[in-house]
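The values are calculated or read from the model by the stated rules, or taken from the named source; none is laboratory data. Bear in mind the structure is a predicted one, so any value in this text is a computation, not a measurement. Ligands, DNA and RNA are stripped out before the accessible areas are found, and what is left, the full protein with its side chains, is counted by its heavy atoms. Shrake-Rupley method; radii C 1.70, N 1.55, O 1.52, S 1.80 Å.
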Amino acid sequence: VFFFKQKTAYEIAQRLVGSEMCIRDRYKTLALEILAEAELNDAELLVLKQMMIVLCNNLQAESSPASNPVLIEFNQYSIIAHLELLKAECKARNLQKSYTKVCISLLRYTKEIRVDKAFLDAGMACKDAKMLNMAFVLLNRYLDLAEAIEETEGGSGLQDNADFADTDIPSPFETPLPEKNLLAEAKRNEIRDWVLQVSVEQQIAPKLATKVCEQCGATIFEACLTCPKCKKVWEPCVASGYPLPKAGISYCKTCQKGAIKEHWTEYVKATQHCPQCK
């Protein structure tokens, strides 16, 4: 059944034209259904990524990216599918630096992917990478989400979004909550105990990592693709999802996509291929 859907969807994508909005709606529904799963299927993600690339290429022939919101939306689905596939591969190959950055990058897409899993994975990745300031903030948000899922009317902890103000991470009021928690209560308590321990011992300064905007000089969240002050937009690194800086970039000779040199080197050394076009 999956192979039939995969083949049919891909063939439709190749001949999609501007008037077929109902087909585009079906693709949006398909994309959101695949991305919202707690346990993502790599085969489905790969097909989704390929389909969205085909769709975007067709749409680009019809209009400029800036004037076509459908193109922007479908390109985002392609990026999310790419990052989810990259995340799984980096984890399997123990590429800790790139894995951690990919997990953090995926937080900007919590309207489309499962929000509690995104914060849990990013928080635990930061904890393992000894990025304890970030780990505290992200795991604290995960616990707030877990509490909200348990309560029928949402958790009061989600009222405070100060830690994520002026980032491109969606507000908790914009993200759908899953019906059930990912982790059993005992596992959630282990995370809660760690958060309380580092808070009491005052080992950290709980805050997101920052950088200086290259255009306006404002201090912003390091993973932002759009500066909240001057609105400068960065392209995402294909090996980490982080914004591409002015310098220190490696480009794939085949697909011409760019990556932060550190993450490109780590990934290519392990895989011998480009993370985007392989």
Highest GNM mean-square fluctuation, the chain, Cα pairs closer than 10 Å: which of L35, L196, L145? L196
Ignoring ligands, DNA and RNA, what accessible area per residue does the chain give at 1.4 Å, in Å²? 52 Å²
What angle do you read, to the nearest 10 degrees and between 0 and 90, between the alpha-carbon axis of helix 2-14 and the longest principal axis of the chain? 60 degrees
19 Å Cα-Cα reach of K253 towards aspartates and glutamates, excluding residues that sit fewer than 8 places from it in its own chain: E235, E262, E266
Please determine, in degrees from 0 to 90 and to the nearest 10, the orientation of helix 21-35 with respect to the longest principal axis defined by the Cα atoms of the chain, where the helix direction is its Cα long axis. 40 degrees
Lysine pairs with alpha-carbon atoms under 23 Å apart, region 111-198, spacing 8 or more or separate chains: 7
Cα-based Debye curve of the chain sampled at q = 0.07, 0.15 Å⁻¹ gives log₁₀ I(q)/I(0) of -0.27, -1.25
Counting only helical runs of four or more DSSP H residues, what would the 222 nm mean residue ellipticity of the chain come to if each run contributes -39,500 (n - 2.57) and the total is spread over all its residues? -17000 deg cm²/dmol
Quick one: how many lysine pairs does region 25-107 have with C-alpha atoms less than 23 Å apart and a gap of 8 or more or different chains? Give me the count, please. 8
Roll a 1.4 angstrom probe over the protein heavy atoms and tell me the percent of accessible area of region 131-259 that is carbon or sulfur. 48 percent
